[in-house]
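No lab work stands behind these numbers, since they all come straight from the coordinates. Treat the numbers as computed from the prediction; the structure is a model and nothing was measured. Note that we place each Cβ from the backbone using ideal geometry, even for glycine, and neighbour counts take in every protein chain shown.
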Amino acid sequence: MATTTLGVAVNGATGRMGYRQHLVRSLLAIRDEGGVELPGGQRVQLEPVLVGRNSDKLAAIAARHGIERWTTELDTALSDSAVDLYFDAQVTSARESALRAAIGAGKHIYSEKPVAESVAAAVELGKLADQAGLRHGVVHDKLYLPGLRKLRRLVDGGFFGRILSVRGEFGYWVFEGDWQEAQRPSWNYRAEDGGGIVADMFCHWNYVLEELVGPVTAVTAKAVTHIPERRDEAGQPYTATADDAAYGIFEISGGIVAQINSSWCVRVNRDELVEFQVDGTEGSAVAGLRRCRAQHRGFTPKPVWNPDLPVAEPFRDQWVEVPDNDEFDNGFRAQWEQFVRHVVVGGEHPYDIHAGARGIQLAEAGLRSSQEGRRIELTSTAAG
């Protein structure tokens, strides 16, 4: 079968996520295995063009992976007729203007989230891309995790009966940068650079809840900055102006209630860095990055509260492992392949800029709820 080539401008390839997950584990892995296979057997090969600010880093990455082209000028990449698709993994504050430029240059766009710093800006980006007839997508990587795919299988199979609630725990301890180096970039803790755990994670929680149980209709949240001072990549102290933890209650259509804690100031006492528990009338399940365990009502034990005796119930042993029943590729790569097929052959792709705008709307509502100390109801974005 014939193979066509899709040129992909990768902006932000020198960053942690841009390099490891998107370039190495997705684009280059696809390239090295012969491209993305289309329904008819034809293949689409991907040819990355690196874009960034640091020429030394770009040159080193290009040489390491056999990439022919790189540039520090976005306009150079966007004016290249061999570039069909623009991907953005920059810091949030730089993303909107670059996406606007890519749309203006007639490139299909795929982006990390959030796509902009406000709902209004995201909605406008979606409208501009639609008007230009361009394909557009936003990374929704959590949906492609093996654990959540197994959880989705249980939902689709009616395992839970009527779903009652969702409980989520996400986070880990991010070192302050003094006696141990921080494992996240410092911009994440500066609001002026687009940082903050609400802006970051509420976008994720919106699409996870939408996909698993239904759209969020209201939110009550408390966002806090637990660590007021951190040290940057040069070891210099700086004031943390962005929230590093958030505690949210999300109301979902149908009377379902979700509670999700997100924190970069928590030490992990769970099996995985993120876990979701779904409880229903017929059964419950707990899903993480890879594992998913379930307990049906017929096998649910009958604990009795008695603080005078030690706990004898082996609670964790009373859950059953949900089998893989499938092969799970890297989640970022799986969505890249889905989006490339969307660009080339069309078809439905629900994880677009409009979906990304809904995530930003939830983040904005969460911050507003925290600032005003009240429940915030959500309305439909102009994107629908």
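Assorted remarks:
- Distance between the pseudo-spin-label points of residue 300 and residue 29 (7 Å out from Cα toward the beta carbon): 3.8 nm.
- Cα gyration tensor shape for the range 274-378, rounded if a/c is under 1.5, else prolate or oblate: oblate
- The share of alpha-carbon pairs in the range 1-133 lying farther apart than 19 Å comes to 49%.
- Taking a straight Cα-Cα cut-off under 20 Å and skipping sequence neighbours fewer than 8 places away in the same chain, the lysines within cross-link reach of residue 127 are 107, 113.
- Kirkwood's formula applied to the C-alpha pairs of the range 117-213 gives a hydrodynamic radius of 16.8 angstrom.
- Per DSSP, loop GluC sites (Glu not before Pro) in the range 1-82 with at most 15 further Cβ within 10 Å: 33, 68, 73
- Shown here for the range 132-240: trypsin sites (Lys or Arg not before Pro) in loop regions (DSSP other than H, G, I, E, B) with at most 14 other Cβ atoms within 10 Å, namely 162.
- Around the Cα centre of the range 195-289, unit charges on the Cβ atoms of Lys, Arg, Asp and Glu (plus for the first two, minus for the last two) sum to a dipole of about 300 debye.
- Rg(Cα)/(2.2 N^0.38 Å) for the range 202-254, N = residue count: 1.59
- When you restrict to C-alpha pairs under 8 Å that are six or more residues apart and normalise by the size of the chain, the relative contact order lands at 20 percent.
- Value of [θ]222 nm, deg cm²/dmol, for the chain, DSSP H segments ≥ 4, -39500 (n - 2.57) each, nearest 500: -8500 deg cm²/dmol
- Cα pair count fraction exceeding 21 Å, expressed as % - the range 81-168: 46 percent
- Beta bridges by DSSP in the chain, antiparallel share as percent, to the nearest 5: 60 percent
- Normalised alpha carbon radius of gyration of the chain [divisor 2.2 N^0.38 Å]: 1.04
- Restriction of the chymotrypsin sites (Phe, Trp or Tyr not before Pro) in the range 261-307 to DSSP coil positions whose beta-carbon has at most 13 other beta-carbons within 10 angstrom yields 305.
- The chain - charge dipole about Cα centre, Lys and Arg +1 at Cβ, Asp and Glu -1, debye rounded to 20: 400 debye
- Computed P(r) (all Cα pairs; the range 262-334; 10 Å bins; percent): 14, 36, 35, 11, 3, 0
- Distance from the C-alpha centroid of the range 249-305 to that of the range 79-103: 38 Å, rounded to the whole angstrom.
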